[in-house]
Amino acid sequence: MSSPITKKNAVTPAKAMVAAISGYAMDGFDLLILGFMLPAISVSLALDPSQAGSLVTWTLIGAVIGGIVFGHLSDRYGRIRILTVTILMFSIFTGLCAVAQGYWDLLAYRTLAGVGLGGEFGIGMALIAEAWPKEKRNRASAWVGIGWQLGVLLAAFITPPLLSVIGWRGMFLVGLLPALVSFVIRRSMGEPEGFTRHVEKTPQLSFAARIKLLFADRATSKASLGIFILCSVQNFGYYGLMIWMPSYLSSSFGFSLTKSGLWTAVTVVGMTFGIWLFGVLADRFARWKIFLLYQFGAVAMVVVYAQLRDPTVMLFTGAIMGMFVNGMIGGYGALISDTFPPQARATAQNVLFNLGRGVGGFGPLVIGLLAAQISFTAAITLLALIYLLDIVATLFLLPKKQSNEDSLGAIG
């Protein structure tokens, strides 16, 4: 089932954090460079705007499939083992995008890369839940969320200068780097000791049985629905903004690729601070109240931002908007880990988050269509409405109890 646990490969909180952050950072890096490359890819392969947007959408649909499959496999065969498989799959198909000759083969590679991408968030969050003490779980989960932002920041800084030198095909080859990260992770870590003890003591469940645990009773079913809504809104807003904003800034304000990269970097700094702050606040106060604080902030800031016309003001206001719009991701990992039992923890993480990511994948498509039919300003303003749905879900569906004793702490 898993490698014997030795002092050398035992999973410490620090090692678990490195494993979770590294995979998630590479995901963020890949998806943001795609946003920067869409104009160049569209010209090279003669793609129309809907085809270009669908490359992101189908990457995220692939993530839904991968999340469902790899979440179950992780609960059955081990966190590190399946995490390695997901990173390798993601890397290989990202690299193959470099040799795409047209829309359909590129779409296939992006979808399969998304399947690999889909497993990494939930497995990493499950790993954190089993390696970190319960009183620090919110901030530890938030740090994993920051890993995505680190990947995005890296992409924002290196894509503009690299893209002009190596082209979009060369940028996809950079996506092969996670394979090396995967190898290092698997060589230096065994499975969490708590996970192996749990597997030895608990009968293996089928996929259907694990899914049933997400709807075990009325309260759990409400929680699953609420978490799905939060993840959907989170991803819809995030991808809708981050994929199209560089193009919007370029067409409306004449931003160069480098200046668009600066806007992205400043916004991501705001997002990173928001994620960190969420984890700190959620470990001190009721987590559901922190969700509400961020959701109300997101509604207000998206409306304000859509009315701005001064590029400098937009630059810094974008950081505040990013803090509220994406800061909430700092709470999902701990919320899901605290809601569901260990034998379905990774399944719940991956199924609920990636179903939400699948819905969110339509964000770039919807924003693109609205921008074409009405205006980008109207499209961004309408985004504020979806955060009202978040508020309703938090008030009436999410569990108000901070933790579930059946699923807290390191297993065992």
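The values are calculated or read from the model by the stated rules, or taken from the named source; none is laboratory data. A quick note: this is a predicted structure, and the numbers were derived from the prediction, not measured. Please note: Cβ atoms are built from the backbone with ideal geometry, for glycine as well, and neighbour counts cover all protein chains shown. The area values use the complete protein model at the heavy-atom level, side chains included, leaving out ligands, DNA and RNA. Shrake-Rupley method; radii C 1.70, N 1.55, O 1.52, S 1.80 Å.
Filtered by the rule that a residue be acidic (Asp, Glu) and either free of Cβ contacts under 8 Å to residues at least 40 places away in the same chain or not in a helix (DSSP H, G or I) (or both), region 334-370 gives no residues.
The residue that is most open to solvent (accessible area, probe 1.4 Å), counting only those in region 1-18 that are at pLDDT 80 or above and hydrophobic (A, V, I, L, M, F, W, C), is VAL18. Would it be correct to say that LEU47 is outside any helix (DSSP H, G or I), among the hydrophobic types (A, V, I, L, M, F, W, C) and surrounded by fewer than 23 Cβ atoms within 10 Å (Cβ to Cβ)? Considered against the rule, which asks whether it is outside any helix (DSSP H, G or I), among the hydrophobic types (A, V, I, L, M, F, W, C) and surrounded by fewer than 23 Cβ atoms within 10 Å (Cβ to Cβ), LEU47 comes out as yes. Evaluation of GLY167 against the conditions (1) surrounded by fewer than 20 Cβ atoms within 10 Å (Cβ to Cβ); (2) in contact with a helix residue (DSSP H, G or I) (Cβ under 9 Å, 6 or more places away or on another chain); (3) at negative phi shows that the sole unmet condition is (3).
The numbered conditions (1) open to solvent by 10 Å² or more (accessible area, probe 1.4 Å); (2) of a type in the set (Ser, Thr, Tyr); (3) at pLDDT 90 or above are all true for THR312 except (3). Would you mind finding the one in SER247, SER251 that is modelled with pLDDT under 90, more than 23 Å from the chain's Cα centre (by Cα) and polar (S, T, N, Q)? None of the others qualify; the one that does is SER251. With respect to being over 21 Å from the mean Cα position of the chain (by Cα), in a helix (DSSP H, G or I) and at pLDDT 80 or above, LYS289 fits the description. Checked against the criterion of being crowded, with 24+ Cβ neighbours inside 10 Å, touching a Cys at 6+ places or on another chain (Cβ under 9 Å) and assigned to a helix (DSSP H, G or I), region 116-133 has no qualifying residue. A Cβ distance below 7 Å, combined with a sequence gap of six or more or placement on separate chains, defines the contacts here; from region 393-405, residues that are under 21 Å from GLN234 (Cα atoms) reach residues that are modelled with pLDDT of 90 or more and open to solvent by 80 Å² or more (accessible area, probe 1.4 Å) in the pairs LEU397/LEU225.
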